[in-house]
1. Which of the helices in the chain meet the span-like rule: DSSP H, Cα axial reach of 18 Å or more, Kyte-Doolittle mean at least 0.0?
2. Can you tell me the alpha carbon radius of gyration of region 103-189 divided by the globular rule-of-thumb value 2.2 N^0.38 Å?
3. Set the bar at 21 Å for Cα to Cα. Now go through Lys11/Lys111; Lys34/Lys102; Lys102/Lys128; Lys38/Lys128; Lys62/Lys111; Lys38/Lys102 and name every pair that lies beyond it.
4. Compute from the Cα atoms of region 1-44 the Rg and the Dmax, the latter being the longest Cα-Cα distance, and quote both in angstrom.
5. Can you give the accessible area of Thr114, probe radius 1.4 Å, in Å² rounded to 10?
6. Using 0.36 nm times the number of residues separating Arg13 and Ala94, minus their current alpha carbon distance, what extension gain do you get?
7. If amide H atoms are built 1.01 Å from N in the plane of the peptide, which residues on other chains or at least 5 residues away come under 5 Å of the amide H of His53?
8. From the mean inverse distance of alpha carbon pairs (Kirkwood) and the Cα radius of gyration, derive Rg over Rh for the chain.
Amino acid sequence: MDAPITIAIPKGRVLEQLVPRLDAAGLDTGPLTKRSRKLIRELPPFAHAGGTHPGARFLLLKPDDVPTYVEYGTADIGVVGRDVLLEREYDLYAPLDLGIGKCQLAVAAMKGATYPPPTSGLLRVATKFSRVATRHFAQRGIPAEVLYVQGSVELAPLTGLSDVIVDIVETGETLRQNGLEVVEHVADVSSVVVANRVGLKLRRELIAPILDALDTES
Ligand code: PRP
């Protein structure tokens, strides 16, 4: 029998929305949702499309690491936000938008601040998305100094470290609670399925049915 299909799964808030989609695609997510610190969850062989599927291995990863595992063929397919794909370049096949994990990348500033600021100096931007931000302000013709921060990004304008941030906004609650507001939309974000190009060619009969099955809005 073929080796099991390896699926890179992002830990975190998208997982909750992803589980029903995997279930609907005929993959038993029992091993995935079990409370455990194990980072590999094995799904034994199962009946699928009139035959026997060799099963699956779920790799539980930080969302930013999913494309690397798929690009290098350690995982056959993975689920990743468009924000991650916008920030770094990967050689991946991205056949499917799952329509989950919907949010936006946006510029946010302190409530009431003038944006873009009237001064001719550099706009100071704090963000985890350095390349997205650099590209965005270059396209807007706004001179910007981009500072990399890893998390709690909203703190930067609150404390005077930066004028604005570029970050993920989902419900807007984090911005509201910290006195910030969106001043510019940068990009829409949702979760997509990515596949290793070579793996997809060599193991198409195993991977394609899973991609097809995932291709239904639930
Ligand atoms: C993200 C993002 C915002 C928040 C936005 O952070 O960086 O802080 O979610 O969500 P909201 O609009 O629904 O409030 P996350 O919780 O993923 O943690 P992080 O700060 O470690 O990136």
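The values are calculated or read from the model by the stated rules, or taken from the named source; none is laboratory data. Just so you know, these numbers come straight off a predicted model, no measurement behind them. All Cβ positions, glycine included, derive from the backbone under ideal geometry; neighbour counts span all protein chains shown. Accessible surface is based on the protein model in full, side chains and every heavy atom, while ligands, DNA and RNA are left aside. Shrake-Rupley method; radii C 1.70, N 1.55, O 1.52, S 1.80 Å.
1. none
2. Values: Rg = 11.5 Å, N = 87, 2.2 N^0.38 = 12.0 Å.
That works out to 0.96 for region 103-189.
3. As for pairs spanning more than 21 Å Cα to Cα, those are Lys11/Lys111; Lys34/Lys102; Lys38/Lys128; Lys62/Lys111; Lys38/Lys102.
4. Answer for region 1-44, Rg first and Dmax second: 10.8, 34 Å.
5. Counting only protein heavy atoms, Thr114 exposes about 100 Å² to solvent.
6. So the chain would gain 27.1 nm between Arg13 and Ala94.
7. Here the answer is Phe46, Ala47, His48, since their amide H atoms fall under 5 Å of that of His53.
8. Values: Rg = 20.0 Å, Rh = 18.9 Å.
For the chain, the value is 1.06.
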